[in-house]
Amino acid sequence: MDGSLAFLVGAVVVLMAVVLVVVVRARRRAAARPTDLPPTRQLAPGHRVRIHQSEYVVSGTIRLVEGDWTWVQHLLDDASGTPHRLSVEGDGGPELEVVLWTAESGATVTPGAPTIDLGGLRFTWAETGQARYTAIGETGLPAEGTMRYHDYQSGGNARLSFEAYGEEGWRVARGDLVDPADLAIRPADDAR
């Protein structure tokens, strides 16, 4: 084999090795992306969400961790000025729970009782705990900290939540389960 042919074969082998490395790295990056997460987990500040007939803008996101359990809360703004949030628990599949919460700023109830009456419904205690959080966007919270909570349920879809971030007092919110199929999500730059 003459020198120019050996050089050409060597160059082709090196080029094939470079292409193989690029393809393997691209596949690894694609596999590492959270494409299997439900769309509600991928929401971020600036995204727009339509739930039934109402349109919201995500102003902030709070990610919470308690032991092995994680969940996300997206703070939502709409034309009403009433604070809303969308909580997402679970990783897809049948255990995914999405709840649209509306602040009950005038509520005078406090957590701890086995049942609480509010808005004509009787809520029964479901769970209590404390989680660590990280916050991004406009949340009014430090970037990280702790959150205490008490959750109640009424019937099949109604929820009542008490949350206290850091040393602040209780925030009360009334929630309803949302079928993820009833959500339409658009990125921030989608003006449609």
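Within the range 49-66, if we keep just the residues that are modelled with pLDDT of 95 or more and either at positive phi or of a type in the set (D, E, K, R) (or both), the residue that is most open to solvent (accessible area, probe 1.4 Å) turns out to be Arg63.
Test Arg85 against the criterion of being over 22 Å from Arg171 (Cα atoms), in a strand (DSSP E or B) and in contact (Cβ under 8 Å) with a residue 40 or more places away in the chain, and give yes or no.
It is false that Arg85 is over 22 Å from Arg171 (Cα atoms), in a strand (DSSP E or B) and in contact (Cβ under 8 Å) with a residue 40 or more places away in the chain.
Taken together, the criteria place Ala131 among residues that are touching a strand residue (DSSP E or B) at 6+ places or on another chain (Cβ under 8 Å) and closer than 29 Å to Gln42 by Cα.
To keep it simple, each residue is scored yes or no on (1) over 29 Å from Ala184 (Cα atoms); (2) in a loop (DSSP other than H, G, I, E, B); (3) more than 15 Å from the chain's Cα centre (by Cα); (4) not β-branched (Val, Ile, Thr).
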site	(1), (2), (3), (4)
Ser80	no, yes, yes, yes
Thr108	yes, yes, yes, no
Gly112	yes, yes, yes, yes
Thr128	yes, no, yes, no
Thr134	no, no, no, no
Thr139	no, yes, no, no
Tyr149	no, no, yes, yes
Gly156	no, yes, yes, yes
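A search for C-beta distances below 7 Å between a residue of the range 164-181 that is more than 17 Å from Pro83 (Cα to Cα) and aromatic (Phe, Trp, Tyr) and any residue that is open to solvent by 70 Å² or more (accessible area, probe 1.4 Å) and modelled with pLDDT of 95 or more, counting only pairs 6+ apart in sequence or on different chains, returns nothing. Given the structure, is Ser80 among the polar types (S, T, N, Q) and modelled with pLDDT of 95 or more? For Ser80, the condition - among the polar types (S, T, N, Q) and modelled with pLDDT of 95 or more - is not met.
Can you say whether Ala184 is of a type in the set (A, V, I, L, M, F, W, C) and either open to solvent by 70 Å² or more (accessible area, probe 1.4 Å) or part of a strand (DSSP E or B) (or both), as far as the supplied structure shows? Yes: the conditions hold for Ala184.
Output the residue which, of all residues in the range 92-142 that are free of Cβ contacts under 8 Å to residues at least 60 places away in the same chain and of a type in the set (S, T, N, Q), is most open to solvent (accessible area, probe 1.4 Å). Going through the qualifying residues, I end up with Thr108.
The values are calculated or read from the model by the stated rules, or taken from the named source; none is laboratory data. It should be emphasised that the depicted structure is a prediction, and the values quoted were computed from it without experimental measurement. Please note: Cβ atoms are built from the backbone with ideal geometry, for glycine as well, and neighbour counts cover all protein chains shown. Note: areas computed on protein heavy atoms with side chains; ligands, DNA, RNA excluded. Shrake-Rupley method; radii C 1.70, N 1.55, O 1.52, S 1.80 Å.
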